[in-house]
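Following: one structure in structure tokens, then a few remarks.
The values are calculated or read from the model by the stated rules, or taken from the named source; none is laboratory data. Quantities reported herein were computed from a predicted structural model and do not represent experimental measurements. Here the Cβ positions follow ideal geometry from the backbone for every residue, glycine too, while neighbour counts run over all protein chains shown.
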Amino acid sequence: MSRSLNLAVIPGDGIGTEVVTEGLKVLDAVLAGTDVKVGATTYDLGAKRWHATGETLPDTVLEELRGHDAILLGAVGDPDVPSGVLERGLLLRLRFELDHYVNLRPSRLFPGVATPLSSPGEVDFVVVREGTEGPYVGNGGALRVGTPQEVANEVSVNTAFGVERVVRDAFARAQARPRRKLTYVHKHNVLVHAGHLWRRTVERVGQEYPDVAVDYLHVDAATIFFVTDPGRFDVIVTDNLFGDILTDLAAAITGGIGLAASGNVNPDRTAPSMFEPVHGSAPDIAGQGVADPTATVLSVGLLLDHLGLSEQAGRIVDAVAADLSERGTAARRTAEVGDALAARVTG
Ligand SMILES: NC(=O)C1=CN([C@@H]2O[C@H](COP(=O)(O)OP(=O)(O)OC[C@H]3O[C@@H](n4cnc5c(N)ncnc54)[C@H](O)[C@@H]3O)[C@@H](O)[C@H]2O)C=CC1
Ligand SMILES: CC(C)CC(=O)C(=O)O
Ligand SMILES: [Mg+2]
């Protein structure tokens with residue numbers, strides 16, 4: 001029986017448009033000859049639309065997006081748009097409205113990939129970053145802005161409901177992996193209100209997963225072990241801000257930000273999940289055709305896996321692994337990498 005995938009594509013800004021082109025190229029290639037047909041609708045959300053209309057994410061577009069099976073996003077953010085307008089008004093609004101409470105960020109050091117670590121050992125972990133709460137919810141404000149008496153608040157919101165659902169997801173993922181280990185990362189020695197909610201939640205939910213070994217790291221110490229002993233990690237669960245920072249570090253130790261994929265997952269499937277590279281719009285290299293599209297291609301793999309196409313998802317990971325092992329040090333252009341990966345998934 002044939003199947004159709006109804007995708008929404010938001011290329012966004014900067015290198016977002018460049019890497020998404022390659023992601024779609026590989027998607028078409030991996031599905032060629034199968035009975036899966038892709039219908040992709042592109043949405044022009046991002047800086048251009050904001051400049052033209054002042055819109056970030058109109059309600060009508062949000063409602064349309066809800067009707068898709070999944071969303072593929074490049075990146076948003078532009079130096080000519082005030083900082084935060086697109087990041088909050090578009091990207092975070094999508095994550096919050098579509099209830100992407102699991103921000104899934106796998107990190108794996110593929111064979112042959114250069115890392116700044118001298119003896120990394122095997123690195124293969126996944127960060128489960130809470131995606132709808134924490135300091136990113138916009139619960140803040142400022143008084144006497146621009147004066148020497150300015151006071152600025154950005155309050156981290158952590159609810160029992162929100163923490164429990166992401167912690168449960170992380171335990172389930174840890175249980176399904178061979179090492180069955182969960183590290184939760186916070187800063188409960190100082191952030192005693194949110195931190196203790198996280199700690200109590202992990203302890204309580206952990207009783208239902210006696211076969212999962214649990215440990216805890218303060219976030220500052222976690223950064224040490226990311227560099228000195230990344231092999232100790234299997235599944236990491238943490239809040240929205242810590243997870244954001246740790247996953248750029250995770251990318252850096254596993255070959256760079258151009259390889260780091262992510263899924264903003266709505267595990268309850270009440271709305272489409274959204275897949276995107278961990279990186280941003282990289283204005284410093286935008287338009288040059290040199291961005292590495294591998295992170296986006298791997299994000300397409302996560303998308304396929306989420307939609308039950310695990311065989312095709314596995315072919316994407318295998319193609320990336322093979323490409324990386326032979327890549328060498330010569331710089332390759334964005335389209336060259338996309339072409340090579342497209343050829344490998346069909347070959
Ligand atoms: N999910 C999203 O849409 C995100 C958006 N942003 C936004 O992107 C803009 C730029 O943010 P930055 O902090 O500079 O982070 P960034 O991730 O865009 O860039 C950081 C560094 O990594 C490099 N880089 C990023 N992606 C790369 C790739 N695929 N290949 C090779 N090099 C790559 C860039 O050239 C830059 O030197 C800002 O407006 C920011 O708010 C940042 C992170 C995530
Ligand atoms: C722009 C931020 C809200 C997004 C980000 O840095 C991320 O999700 O990694
Ligand atoms: Mg980030």
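No other residue among Asp99, Asp80 is more than 16 Å from ligand 3 (Cβ to nearest atom) and touching a residue at least 40 places away in the same chain (Cβ under 8 Å) apart from Asp99.
Of the residues Thr21, Thr42, Thr53, the single one that is of a type in the set (Val, Ile, Thr), exposed (fewer than 14 other Cβ atoms within 10 Å of the Cβ) and either outside the structural domain of Ile245 (by TED's automatic domain parsing) or under 24 Å from Asn266 (Cβ atoms) (or both) is Thr53. Filtering segment 214-257 to residues that are over 20 Å from Ala194 (Cα atoms), more than 14 Å from ligand 2 (Cβ to nearest atom) and among the small types (Gly, Ala, Ser) leaves Gly231, Gly255, Gly256. If the condition is being of a type outside the set (Val, Ile, Thr) and either closer than 17 Å to Ser107 by Cα or within 15 Å of ligand 2 (Cβ to nearest atom) (or both), then segment 258-269 contributes Gly258, Leu259, Ala260, Ala261, Ser262, Gly263, Asn264. Across segment 196-208, the number of residues qualifying as surrounded by fewer than 19 Cβ atoms within 10 Å (Cβ to Cβ) and hydroxyl-bearing (Ser, Thr, Tyr) comes to 0.
Against the criterion of being at pLDDT 95 or above and under 24 Å from the mean Cα position of the chain (by Cα), Thr183 qualifies. When Trp50 is tested against (1) assigned to a loop (DSSP other than H, G, I, E, B); (2) farther than 29 Å from Arg344 by Cβ, only condition (1) is not met.
Going by the structure shown, is Ala29 more than 22 Å from Gly280 (Cα to Cα) and outside the structural domain of Asp248 (by TED's automatic domain parsing)? So Ala29 passes the test.
When segment 208-228 is filtered for residues that are touching a residue at least 24 places away in the same chain (Cβ under 8 Å), more than 28 Å from Glu154 (Cβ to Cβ) and out of contact with any Gly (no Cβ under 8 Å at 6 or more places or on another chain), the ones remaining, listed by number, are Glu208, Tyr209, Asp211, Ala213, Asp215. For segment 268-291: of the residues being surrounded by fewer than 24 Cβ atoms within 10 Å (Cβ to Cβ) and among the acidic types (Asp, Glu), which is farthest from ligand 3 (Cβ to nearest atom)? So, considering only residues that are surrounded by fewer than 24 Cβ atoms within 10 Å (Cβ to Cβ) and among the acidic types (Asp, Glu), the one farthest from ligand 3 (Cβ to nearest atom) is Asp268.
Scanning segment 298-317 turns up no residue that is within 16 Å of ligand 1 (Cβ to nearest atom) and at positive phi.
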